[in-house]
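Notes to accompany the following structure.
The values are calculated or read from the model by the stated rules, or taken from the named source; none is laboratory data. Computed from a predicted model, the values in this text were never measured in an experiment. Note: ideal-geometry Cβ built from the backbone for every residue, glycine included; neighbour counts use all protein chains shown. These area figures cover heavy atoms from the full protein model, side chains too; ligands, DNA and RNA do not enter into them. Shrake-Rupley method; radii C 1.70, N 1.55, O 1.52, S 1.80 Å.
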Amino acid sequence: MRLRFGRGESLVLRYVVLGTWALVCLVPILWFLSIGFRPRTEIITPQPIYWPNFSLDAWHMIWDDWPMGAYLRNSVLAIFGSVVIDLVLAIPAAYSLARYEYRGREDIGFYILSTRMMAPAIVAIPIFFLFRGLGLLDTVWALMLIYAAINLSVVTWIIRSYMMDLPKELEDAARTDGASDLRILWEIIIPVCLPGIITAAVIAAIFAINEFLFTLLIASTPNAYTMSVALANFTGGSDGKIYNAIAMVSFLAFVPVFILVLLIQRNLSRGLTMGAVKG
């Protein structure tokens, strides 16, 4: 026996399912935030506390005792700068790999992608000496460059896959009208591939936020610390693990990405599904 739902019942069922799923996704985040607003004594107590007290101890700690504003500024500058560098380099490289025919094109594309498969620890020491020789250690500029270098292959490959799905008739018509390759890229290819470019930029930003090894290697002092390294300050030392501060800093690092995804979710969803189905 098959159940049949009317249009109104189907809509209600859809909202119930989506609302339940949203609740499942939000409860861990809200619970994590509640840890940030609890006193530390209530977090480490062995007895469960179902109605915790509200406290701003962690909030005052990260802003008064630690230069969290500087850490947040360093994170934003390093991530934004690395994404800009990646897009400036990846878009023309992806266009070349997707549209031009030349010897070794596929090999070059595979080599670009294979750099992402390499273990970061292999190049950690050479990169340290390289930046030390350039005088860029402990600077946000070094973080921009290393984040861009790490994510450039992924951004290039993602944008290339979108460009390969575009019909060549668009470019042929523009060339008939006398447009140059640079003008075609700027006025035709980039606007059409914008959802894919936004998707690649968001993925690069998320990877940069989560980068810890090279950030800790290059940022030797708090002058260039980012949010990911700042979390390490609350996981050891004479005070032990400060769980409410860890929760508060983690939530502050999560909120900007969450807001960014909400603002561009339409283009992001289009970019994630572009080229998934070919007619």
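Quick check for you: with a 1.4 Å probe and neighbouring chains kept, what is the accessible area per residue of region 90-237, in Å²? Display every interim value, and only then the final one.
On the way: 7550 Å² over 148 residues.
That works out to 51 Å² per residue.
Quick check: pseudo-label points 7 Å beyond the Cα along Cα→Cβ at TYR15 and VAL261, how many nm apart are they?
About 2.4 nm, to one decimal.
Can you send over the carbon and sulfur percentage of the accessible area for the chain, probe radius 1.4 Å, protein chains only?
Details: 11810 of 17260 Å².
That share works out to 68 percent.
Have a look at PHE129, PHE214, PHE32 and tell me which one the Gaussian network model of the chain (Cα, springs below 10 Å) gives the largest fluctuation.
PHE129
Can you report the principal axis dimensions of the chain using only the alpha carbons, biggest first, rounded to whole angstrom?
Principal axes ranked by extent give 73, 73, 30 Å for the Cα atoms.
Counting alpha carbon pairs within less than 8 Å and at least 6 residues apart, what relative contact order, in whole percent, applies to region 1-159?
Relative contact order, region 1-159: 26 percent.
Give me the Å³ per residue figure for the convex hull around the C-alpha atoms of region 111-219.
On the way: hull volume 13.5 nm³, N = 109.
In region 111-219, the Cα hull volume divided by residue count equals 124 Å³.
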